[in-house]
Amino acid sequence: AHVSFDSSALKQFVHDNELGEMQAMVNAADQQLRQGTGAGADFRDWLHLPTDYDKEEFARIKAAAKKIQSDSEVLVVIGIGGSYLGARMAIDFLHNSFYQAQAPAARKAPLVVFAGNSLSSSYVHDLIELIGDKDFSINVISKSGTTTEPSIAFRIFKELLVNKYGEEEANHRIYATTDRQRGALKTEADAAGWETFVIPDGVGGRYSVLTAVGLLPIAASGADIDQLMAGAKAAEDTYVDPDLTKNEAYQYAAYRNILYRKGFTTELLENYEPNMTMFAEWWKQLAGESEGKDQKGIYPSSANFTTDLHSLGQYIQEGLRNLMETVVKLDTPNHDQVIPAAESNLDGLAYLEGKNMDWVNTKAYEAVVAAHVAGGVPVMTVHIDKEDAFTLGYLIYFFEVAIAISGYLNGINPFNQPGVEAYKTNMFGLLGKPGYEEVGAKLRQEMAD
Ligand code: PA5
């Protein structure tokens, strides 16, 4: 299998009967999801995206990626949250570890850089400096078209583009990914004649990586989006039967729910590959924004191993016992490395001479699982056989469907995110946005008191 789920380290935490006893609830969650009887049913279109995607748009995405590759050294991708994390994690996952530093010739594609995912002025300054006099294009991504961070970044980089190329040429270098018909970005794109791509109505931000939101930057980076979709399609076909003895994505959802009810309320997503750090960030949005509501839900966190074994490791081994771990373990690295022989054994490593580094990495993983389980932390593992586009598509779908089922198991709407608005209202008040004067006055008063 390209992706397989291993729960063998849960024995001391979950009795044999418990998974089977979840079956009726899992069946109900599956019905809510697949028949649309659950809360948030309007946002389930990601479920069949690997089959029912817009083929004409997919061809346009590939054509746009080719054009960007032919006329740009840098692609500035502007977006935040669900309009950012998918492309970012996929590009890290699918390229050389030093992709950013690679020479353009080795990369064979433009450098894809991200903006509009913070309000840091230094970051923008540094990115402008990085672009310098290089040819560049912009892919601005926003479903609403009104999100503050990407809107500000877009103003700045659009001005840079127009100053460099003039209005007409700049209009051929802006690609807007947004709502089919609504929003400020769509209006601006239509007026200027930018090429536009659609974020479908029935797909929320955190579920959008396999739409143009993720696909255009990923394709522009030179990665294979046909294989990405093929992997997701294989997973779509695999995880259809709710039977917990067969469906590993549903097993993962059921086990984390069982563990959550036992007090394991924080889940760490872990990897043993530095280029999967952003994968965990994508997963944290998927899990946290889907499940953290109505004053409940697993808190999604992450750790990168073996790096963090030398920092967080202490806490995981002996701190508060509310942690569970899910390791995404790569079974076969793209490149292995032999540990060389040396004349002297001053470093004490003679016992590892001739061994592959990945063998050592895997032994570290096995040792960590044993130690953490002994320390009272349940560990699950999602094995992936390779780090390629097919496997990534498969893995994305595994987690998407598992988190949706998990949300229904916990009795919440996995597809809304009402809680992300509260800070925005306050911020608009403090910034003096028209319409938010009262909020601003009230907050300023509170802060003065
Ligand atoms: O998942 C979400 O809804 C958020 O993370 C959004 O994707 C994020 O706020 C960006 O929104 P928009 O695409 O409307 O700019």
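Every number in this text was worked out from the coordinates using simple rules, so none of it is lab data. Because the structure is predicted, anything quoted here is derived from the model rather than measured. Reconstructed Cβ throughout: ideal geometry from the backbone, glycine too, with neighbour counts over all protein chains shown.
Is it possible to state the helix-based mean residue ellipticity at 222 nm for the chain, with each DSSP H run of 4+ residues giving -39500 (n - 2.57), the sum divided by total residues, to the nearest 500 deg cm²/dmol? What is it?
That comes out to -15000 deg cm²/dmol.
Order of 40-48, 121-129, 272-280 by packing, highest average Cβ count within 10 Å first?
For the peptides 40-48, 121-129, 272-280, the packing ranking is 272-280, 40-48, 121-129.
If a/c stays under 1.5 just call it rounded; otherwise compare a/b with b/c (prolate if a/b is bigger, oblate if not). Do that for region 325-381, with a ≥ b ≥ c from the square roots of the Cα gyration tensor eigenvalues.
Numbers: a/c = 5.31, a/b = 1.77, b/c = 3.00.
Oblate, because a/c is 1.5 or more while a/b does not exceed b/c.
Where both residues lie in the chain, what percent of DSSP beta bridges are antiparallel, nearest 5?
15 percent
Collect residues whose amide H, placed 1.01 Å from N in the peptide plane, falls under 5 Å from the amide H of TYR299; neighbours closer than 5 in sequence don't count.
The answer is THR266, GLU267.
Which of rounded, prolate or oblate describes region 290-350 when judged by the alpha-carbon gyration tensor and an a/c cut-off of 1.5?
Because a/c hits 1.5 or more and a/b fails to exceed b/c, region 290-350 counts as oblate.
Which of the trypsin sites (Lys or Arg not before Pro) found in region 55-150 are in a DSSP loop and have at most 10 neighbouring Cβ atoms, other than their own, within 10 Å? Walk me through the numbers before you get to the answer.
Working: sites: LYS55, ARG60, LYS62, LYS66, LYS67, ARG88, ARG107, LYS108, LYS134, LYS143; in loops: LYS108, LYS134, LYS143.
Listed in order of number, the matching sites are LYS108.
Roughly speaking, what is the centre-to-centre gap between region 146-215 and region 39-62 when only Cα atoms are used, to the nearest Å?
19 Å
With contacts defined as alpha carbon pairs under 8 Å and 6 or more residues apart, what's the relative contact order of the chain in percent?
With pairs under 8 Å counted, the relative contact order is 23 percent.
Taking a quarter of the surface of the Cα convex hull of region 187-251, what do you get in nm²?
Its Cα hull, projected and averaged over all orientations, spans 6.1 nm².
I need the peptides 291-301, 163-173 ranked by packing, meaning the mean over residues of other C-beta atoms within 10 angstrom, with the highest value on top.
Most protected by this proxy first, the peptides run 291-301, 163-173.
Fully extended, how many nm does the chain gain between ASP190 and VAL162 (0.36 nm per residue separation, minus their Cα-Cα distance)?
Details: separation 28, 0.36 × 28 = 10.08 nm, distance 1.72 nm.
Between ASP190 and VAL162, full extension yields 8.4 nm more.
I need the semi-axes of the equivalent ellipsoid of region 262-319: take the C-alpha gyration tensor, multiply each eigenvalue by 5, square-root it, list largest first in whole angstrom. Don't skip to the end; give the middle numbers.
Values: eigenvalues 93, 52, 7 Å².
For region 262-319, the ellipsoid semi-axes come out as 22, 16, 6 Å.
With a bin width of 5 angstrom, please list the P(r) values of region 390-449 as percents of all Cα-Cα pairs, from the 0 bin to the one holding the largest distance.
With a bin width of 5 Å, the distribution comes to 4, 15, 14, 11, 10, 8, 9, 13, 9, 4, 1, 0.
Just going by the charge dipole of region 290-413, with Lys and Arg at +1 and Asp and Glu at -1 on Cβ, which of ILE339, GLY393, ILE316 is farthest out on the positive end?
Value computed over the given set: ILE316.
Which Cα, out of ALA303, ALA63, THR147, lies furthest along the positive dipole direction of the chain (beta carbon charges, K/R +1, D/E -1)?
The residue sitting most towards the positive pole is THR147.
For region 209-341, just say rounded, prolate or oblate: build the C-alpha gyration tensor, square-root its eigenvalues into a ≥ b ≥ c, call rounded for a/c under 1.5, and beyond that prolate if a/b exceeds b/c, oblate if not.
Taking the square roots of the gyration eigenvalues as a ≥ b ≥ c, region 209-341 is oblate.
Provide, as a two-decimal number, the C-alpha radius of gyration of region 178-218 over 2.2 N^0.38 Å, N being how many residues it has.
1.17
Would you please put 176-188, 217-229, 75-87 in order of how densely packed they are, using the mean number of other Cβ atoms within 10 angstrom per residue and starting with the highest?
So the peptides 176-188, 217-229, 75-87, ranked by packing, come out 75-87, 217-229, 176-188.
How big is the Rg/Rh ratio for region 336-449, C-alpha atoms only, Rh by Kirkwood, two decimals?
My calculation of the ratio gives 1.27.
Whole number please: convex hull volume per residue, Cα atoms of region 101-245, in Å³.
154 Å³
Show me the three semi-axes of the equivalent ellipsoid for region 1-59, from the C-alpha gyration tensor (sqrt of 5 times each eigenvalue), largest first, rounded to whole Å.
32, 19, 7
Based solely on C-alpha atoms, express the radius of gyration and the Dmax of the chain in angstrom.
Gyration radius and largest Cα-Cα distance of the chain: 23.2, 75 Å.
Which loop GluC sites (Glu not before Pro) in region 325-388, with loop taken from DSSP, have no more than 13 other Cβ atoms within 10 angstrom of their Cβ?
Answer by residue number: GLU343, GLU353.
Say the dipole of the chain comes from +1 at the beta carbon of Lys and Arg and -1 at that of Asp and Glu; which of ALA230, GLN102, VAL420 then lies farthest toward its positive end?
The Cα lying farthest towards the positive end belongs to VAL420.
Only four residue types carry charge here, +1 at the Cβ of Lys and Arg and -1 at the Cβ of Asp and Glu. Report the dipole size of the chain about the Cα centre in Debye, rounded to the nearest 20.
Computed about the Cα centre, the dipole is about 640 debye.
What size of dipole, in debye to the nearest 20, comes out for region 329-430 about its Cα centre when the only charges are +1 on Lys and Arg C-beta atoms and -1 on Asp and Glu C-beta atoms?
The dipole magnitude comes to about 460 debye.
Over what distance in Å are the Cα centres of region 380-449 and region 280-294 separated?
7 Å
To make sure I understand the rule: partners must be aspartates and glutamates, Cα under 14 Å from the Cα of LYS108, and not fewer than 8 residues away in the same chain. Which ones qualify?
Qualifying aspartates and glutamates at Cα under 14 Å: ASP71, GLU73, ASP224.
Please list 3J(HN,Hα) in residue order for region 147-160, calculated via the Karplus relation 6.51 cos²θ - 1.76 cosθ + 1.60 where θ = phi - 60°; whole Hz, with x for glycine and proline.
Once rounded to whole Hz, the list reads 5, 4, 4, x, 4, 5, 4, 5, 3, 5, 6, 5, 4, 4.
Between beta-carbons, use under 14 Å as the cut-off and find the net charge around ILE78, counting Lys and Arg +1, Asp and Glu -1.
With Lys, Arg at +1 and Asp, Glu at -1, the neighbours total +2.
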